[in-house]
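The values are calculated or read from the model by the stated rules, or taken from the named source; none is laboratory data. Being a predicted model, the structure only gives us computed values, none of them experimental. With ideal geometry, Cβ positions are generated from the backbone for all residues, glycine too; neighbour counts draw on all protein chains shown. Keep in mind that these areas ignore ligands, DNA and RNA; they rest on the heavy atoms of the full protein, side chains included. Shrake-Rupley method; radii C 1.70, N 1.55, O 1.52, S 1.80 Å.
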Amino acid sequence: MDTPPSLVLNNDVALPQVGFGVWQVPADDTARVALTALEAGYRSIDTAASYGNEAGVGEAIRTSGLPRDDVFVTTKLANPDHGYDAALRAFDRSLAELRLDRLDLFLIHWPLPKRDDYVETWRALEKLYADGRVRAIGVSNFHPPHLRRLLAETDVVPAVNQIELHPRLPQAELREVHAGHGIVTEAWSPLAQGTLLADRTVKALAAKYGKTGAQLVLRWHLQLGTVAIPKSVTPSRIRENLEVFDFELAEDDMTALGELDDGTRTGPDPDTFDPD
Ligand code: NDP
């Protein structure tokens with residue numbers, strides 16, 4: 001069984017470099033699917049209040065029999081729960097769904113810049129962190145101006161920014177900003193929701209290394225230094241996506257994959273996304 005190596009966050013907490021994402025996993029299937037992932041060797045699970053499946057993630061951890069400290073659990077604050085008091089209440093609800101007494105990583109899911117309340121929302125996360133209820137706090141889908149405001153107006157530097165990132169959207173600017181502030185880059189939709197696997201370059205390079213397209217792309221993430229959280233409901237793929245620690249991409253193949261950058265997003269643009 002492959003156990004992923006970890007990256008160390010800016011507060012010395014270790015985050016496995018490959019985690020398991022559960023967006024779009026139906027609530028009734030999540031306990032079973034997440035248990036398959038834990039049995040395959042994943043030690044990090046990424047959920048969100050808005051996915052409606054936190055309870056299944058908690059159930060999988062309990063069923064697995066793994067010590068609580070061996071599994072890194074991330075969840076995210078839903079968009080309607082921005083604001084200081086609402087965020088504190090939402091955190092309690094998430095922990096109750098997960099049936100955990102402490103979380104590993106809590107993220108603001110989207111900045112929603114038009115609402116102009118992510119700074120006060122962040123202060124709620126700082127309070128949860130100061131109270132020891134979460135081991136690390138971070139953000140998701142924050143662009144450089146949003147990060148700069150947090151850095152200028154609040155005390156705790158986010159440990160993580162979870163953003164859409166894959167070879168078609170390598171996010172060089174954001175990765176540079178993160179590196180300058182010790183923020184770990186976490187890649188969501190690391191396989192571009194599977195669409196990258198039909199790409200000619202990906203197919204050719206996968207054949208060259210004797211790996212699948214998904215493994216090739218996940219290896220690119222590891223060598224870029226990002227955390228990747230692929231999702232699959234298919235047991236063979238769940239296992240396959242963890243078998244990425246026994247080969248290494250040559251520098252020119254890393255470059256060739258990075259050249260697939262055409263700015264394609266599979267999800268919304270954080271500057272304008274505001275679902276309400
Ligand atoms: P991914 O890039 O992980 O791709 C998932 C898709 O690829 C599924 O259709 C899956 O199919 C397929 N797939 C997975 N592995 C393989 C494989 N080895 N071979 C072939 N196909 C494969 O996309 P997601 O959008 O799910 O992103 C991953 C995670 O990122 C989410 O689950 C969520 O945790 C997080 N996320 C966070 C967001 C945020 O705003 N912070 C936004 C979006 C995602 P199947 O399941 O049928 O096997």
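General remarks:
- Segment 87-138 shape via C-alpha gyration tensor axes, a/c threshold 1.5: prolate
- Spatially, segment 252-267 and segment 66-107 are offset by 33 Å when compared through their Cα centroids.
- Couplings 3J(HN,Hα) of segment 238-244, computed from phi: 4, 6, 4, 5, 9, 8, 10 Hz, in residue order, whole Hz [Karplus 6.51 cos²θ - 1.76 cosθ + 1.60, θ = phi - 60°; x for Gly and Pro].
- Selected from 12, 246, 70 as most flexible by GNM, with the chain as the system and alpha-carbon contacts under 10 Å: 246
- Per-residue SASA entry for residue 212, accessible area with 1.4 Å probe, Å² rounded to 10: 50 Å²
- Shape class of segment 106-183 from the alpha-carbon gyration tensor: prolate, with a/c at 1.5 or above and a/b greater than b/c.
- Difference of contour (0.36 nm per residue) and Cα-Cα distance, residue 251 to residue 66: 62.8 nm
- Mean projected area of the Cα convex hull of segment 1-76, taken over all directions, amounts to 4.9 nm².
- For residue 219, the shell of other residues with beta-carbons less than 11 Å away shows a net charge of -3, using +1 for Lys and Arg and -1 for Asp and Glu.
- Separation between Cα centres of segment 12-60 and segment 191-229, rounded to whole Å: 21 Å
- Residues considered: 78, 159, 187. Largest GNM mean-square fluctuation over the chain, using C-alpha springs under 10 Å, is found at 78.
- Max mean-square fluctuation residue, GNM over the chain, Cα-Cα springs under 10 Å, options 44, 189, 64: 64
- Label sites at residue 173 and residue 88, each approximated as a point 7 angstrom past Cα along Cα to Cβ, lie 3.7 nm apart.
- Cα gyration tensor shape for the chain, rounded if a/c is under 1.5, else prolate or oblate: oblate
- Values of log10 I(q)/I(0) for segment 99-231 across q = 0.10, 0.13, 0.20, 0.22 Å⁻¹ run -0.38, -0.61, -1.10, -1.24, by the Debye formula with one identical scatterer at each alpha carbon and no solvent.
- Within-10-Å neighbourhood charge of residue 268 [Cβ basis; K, R +1; D, E -1]: -3
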